[in-house]
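Okay, structure first, notes after.
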Amino acid sequence: MQTVYFIGIDLAFSAKNNSGVSILSAIQPNTGRRDTVLQGLTYIGSRLCKTDEEIGEFVLPYLIPGNCAVAVDAPLVVPNKTGMRPCERGIARVFGSRQCTAYPGHQGNMAGTRGPQLLSYLESLGVPIVANPRMEQHPDAVHFMETYPHAAHLAMFELPTVWKYKKKPGRSWDLCRSELIEYWRRIGALMPAVTSQMQRLSGLADTDPLLQRIAPWLRAIEGGILKSVQPPEIIGKRYKEFEDLTDGLFCAYMAGHIYAGKPALLFSPKSNGSTDLQQYKDGDDFIVVPSL
């Protein structure tokens, strides 16, 4: 048996803002079978990080070649100097009718430069990185994959539109909090052992920001279908931090989902949502979206 690690990074476009980073682990049989790893996920921890150095300090011990997959909500492969990447156009074609499009990343904006800079920094620390969604390729490297939580929510949970848990003009705090609660209920269904572990530890680990911040939300999350318990009246910075950490945890789950060979949609210059990840060509921009 060997331990494998799944890391999720909700990467802010600027190092002035927080990135939510979470780490999960699982036990994989020595036979090399990957399809069972989601059954035994364990929560390792989360952090709010700003700089590449802070992210590296947290994740470096777990970036084990061949035994780690990383899912990042930010562009990683950015060959274009301006405009949209083909993978972003594919997301818009497939999910645009459900209010889901990807912010365009290119070499002239922070959306397109932060991810490659993070990869370059980690490589400077000696981490052998491959930005590639095909897990069987490059077994002696750490696989990094660009993912997109909003699109994954639609594909995995068959939602009519994206969850509106991110605070934007015209969205009330009540709406955002109720949508975030529903998000957490789905996370609990995907990872019951992890969420049970977090419930036991909530409020006890003073160095883990997700365990600290989830405590006041637990009664509402556990309210079930009756929704009889109201969400806590948390707003502003503290809400944004919990939202970033939630996306980071979901990205970690997506890394495990893809590692395990579960269904996923590939968006790249040659694929507009194919379930065949073998269509990916090294060096192409891509977004991989877990699905049913």
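Taken together, the values in this text are just the output of simple stated rules run on the coordinates, not laboratory data. As the structure is a prediction and not an experimental result, all values here were calculated from the model. Cβ: placed from backbone, ideal geometry, glycine included. Neighbour counts: every protein chain shown.
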Proxy reagent accessibility, fewest Cβ within 10 Å first, across His153, His106:
His106, His153
Loop-only check: which GluC sites (Glu not before Pro) in segment 100-156 are DSSP coil with at most 14 other Cβ within 10 angstrom?
Glu136
For segment 29-70, Rg(Cα) over 2.2 N^0.38 Å is 1.45
Can you sort Ser25, Ser196 from fewest to most other Cβ atoms within 10 Å of each residue's own Cβ?
Ser196, Ser25
Under 13 Å Cα to Cα from Lys270, which aspartates and glutamates show up? Leave out anything in the same chain fewer than 8 places away.
Glu88, Asp282, Asp284, Asp285
Determine the calculated [θ] at 222 nm for the chain from helices alone, applying -39500 (n - 2.57) to every DSSP H run no shorter than 4 residues and normalising by the residue count; nearest 500 deg cm²/dmol.
-11000 deg cm²/dmol
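Beyond 17 Å, what share of the Cα-Cα pairs of segment 60-109 remains, rounded to the nearest whole percent?
50
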Give the cross-link partners of Lys16 among the lysines, using a straight C-alpha distance below 30 Å as the criterion and excluding same-chain residues fewer than 8 apart.
Lys50, Lys81, Lys164, Lys166, Lys167, Lys168, Lys237, Lys240
Mean projected area (nm²) from the convex hull of Cα positions in the chain is 14.4
Scaled radius of gyration (Cα, divided by 2.2 N^0.38 Å) that segment 40-161 gives
1.14
Just to be sure I understand: of the beta bridges DSSP finds with both ends in the chain, what percent are antiparallel, rounded to 5?
65
Counting other beta carbons within 10 Å of each residue's own, what order do Trp163, Trp173 fall into, fewest first?
Trp173, Trp163
Using Cα positions and a limit of under 17 Å, work out the aspartates and glutamates in reach of Lys262, with same-chain residues fewer than 8 apart set aside.
Asp35, Glu136, Glu146, Glu158, Asp276
